[in-house]
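A quick write-up on the structure given underneath.
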Amino acid sequence: MQNLLKGIIESNKIYTKEGTVASYIPELGKANKEDLGVCVVTLDGKEFMAGDAEKNFTMQSMSKVIALILAILDNGKKLVFSKVGMEPTGDSFNSITSLEVKHPERPFNPMINAGAIATTALISGETDEEKIENILSFTRKITGNKFIAVNEEVYRSEKATGNRNRALAYFMKSNGLLEGDVESILDVYFKQCSIECNCRDIARIGAMLANDGVLPWSGEKVISREVSRIVKTIMVTCGMYDASGEFAVGIGIPAKSGVGGGILASVPRRMGIGVYGPSLDNKGNSIGGIKILKELSDELDLSIF
Ligand code: GLN
């Protein structure tokens, strides 16, 4: 496996020249376009890494997976899916039209920005600090990494420029879809997007989901099999935004990307995979990351279909 990963990094390095690093959140624009890393965590707890697997980047939209899990754990699936749908959208992750014109009663799904703002609003905690602490401590548990923390520069950068997310959130508030103070909810959302991680952290989350909610390295059950199934299913249908269909056909693995360049992938009953490559395609997905997952899927026959 180690050699396979090393070879895959070498053969796909060339693709990091394509695409661009996200810059609409200015701090993300500082990433090194040529970085490329991968980590695989198998269900017996073995870990394999190659390339820039230990480099830190921010979770961005991969944090939507965590927000969805916590929203369900705190409120039950019935309430969560009364506030946010479970249907894919052919629109971009921060689309305003899909929320207003097509689906004003609730956001399409928890993997687009509007849906994630809605799930974040449902996470328990009396104050913003308590909510983000709950998110951080759960993330530390499912990554086995006690150093997981918010990258303050990225958080401030996102808060300063996040007007599109503000528009989505205030629109939902005007339709009675959000309870509580909008700026507070957005603050928690911006912080969760700015949680710093590396390929190993996200591969471990993928492995936990692949293992039906049990942490492979300790045997601890952190979520039920049902919640892990719901989350993986929504990752398949919505995790790569408006490229989810193509990704399912070509690669066939439940996955969630983030504009920081990470992709968190979970191969049921086999492994978690974390990839990092900050150069993105026009849908906001890591170009190098997708290439790595494609090669791994072909080599190891990972498609679930
Ligand atoms: N923090 C980013 C945003 O809200 C997350 C988007 C993403 O990763 N696709 O715009």
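Quick note: the coordinates plus some simple rules give every number you see, no bench work behind them. Computed from a prediction, not measured in an experiment: that's the story for all the values here. Note that each Cβ is placed from the backbone with ideal geometry, even for glycine, and that neighbours are counted across all protein chains shown.
What is the ratio of the Cα radius of gyration of the chain to 2.2 N^0.38 Å, with N the residue count, to two decimals?
Working it through for the chain, the quotient is 0.91.
Calculate, in nm to one decimal, what Glu246 and Glu10 gain on full extension: separation in residues at 0.36 nm each, minus their alpha carbon distance.
Roughly 82.5 nm would be gained on extension.
In nm, what is the difference between 0.36 nm times the number of residues separating Ser303 and Ser224 and their Cα-Cα distance?
Roughly 26.1 nm would be gained on extension.
Can you compute log10 of I(q)/I(0) for the stretch 8-162 with the Debye formula, treating each Cα as one identical point scatterer, at q = 0.17 Å⁻¹?
-1.25
For the stretch 122-187, treating each Cα as an identical point scatterer without solvent, what Debye log10 I(q)/I(0) comes out at q = 0.20, 0.22, 0.25, 0.29 1/Å?
Cα-only, vacuum Debye calculation for the stretch 122-187: -0.94, -1.04, -1.13, -1.19.
Using θ = phi - 60° and the Karplus curve 6.51 cos²θ - 1.76 cosθ + 1.60, what whole-Hz ³J(HN,Hα) does each residue of the stretch 33-45 get, with Gly and Pro shown as x?
Running phi through 6.51 cos²θ - 1.76 cosθ + 1.60 with θ = phi - 60° gives 3, 8, 5, 7, x, 8, 9, 10, 10, 8, 6, 8, x Hz.
Per residue of the stretch 55-68, what does 6.51 cos²θ - 1.76 cosθ + 1.60 with θ = phi - 60° give for ³J(HN,Hα)? Whole Hz please, x for Gly and Pro, Karplus curve as stated.
My calculation for the stretch 55-68 gives 6, 8, 8, 9, 5, 6, 5, 5, 5, 5, 5, 5, 4, 5 Hz in order.
With a sphere of radius 10 Å drawn around the Cβ of Asp212, what net charge do the other residues whose Cβ falls strictly inside it have (Lys, Arg +1; Asp, Glu -1)?
With Lys, Arg at +1 and Asp, Glu at -1, the neighbours total +4.
Once the Cβ-Cβ distance between Glu87 and Ser184 is put in as r, and R0 is 35 Å, what FRET efficiency do you end up with, to the nearest 0.05?
Efficiency at R0 = 35 Å is approximately 0.80.
Rounded to two decimals, what ratio of Rg to Rh does the stretch 184-249 give with C-alpha atoms and a Kirkwood Rh?
Here the Rg-to-Rh quotient is 1.03.
In whole Hz, what ³J(HN,Hα) sequence does the stretch 276-283 give by Karplus (6.51, -1.76, 1.60; θ = phi - 60°), x for Gly and Pro?
So the Karplus estimates, Gly and Pro as x, are 9, x, x, 7, 10, 7, 6, 9 Hz.
Counting every Cα pair in the stretch 76-197, what percent are over 18 Å apart?
Tail fraction, whole percent: 52.
Which FRET efficiency value, to the nearest 0.05, do you get for Asn56 and Ser23 by plugging their Cβ-Cβ distance into 1/(1 + (r/R0)^6) with R0 = 22 Å?
For Asn56 and Ser23, the calculated efficiency is 0.75.
What is the set of long-range amide H partners of Leu178 at a cut-off below 5 Å, with H atoms built 1.01 Å from backbone N?
Here Lys173 satisfy the definition.
Compute the distance in nm between two label points, each set 7 Å from the Cα along the Cα-to-Cβ direction, one at Met1 and one at Thr127.
Roughly 4.3 nm, to one decimal.
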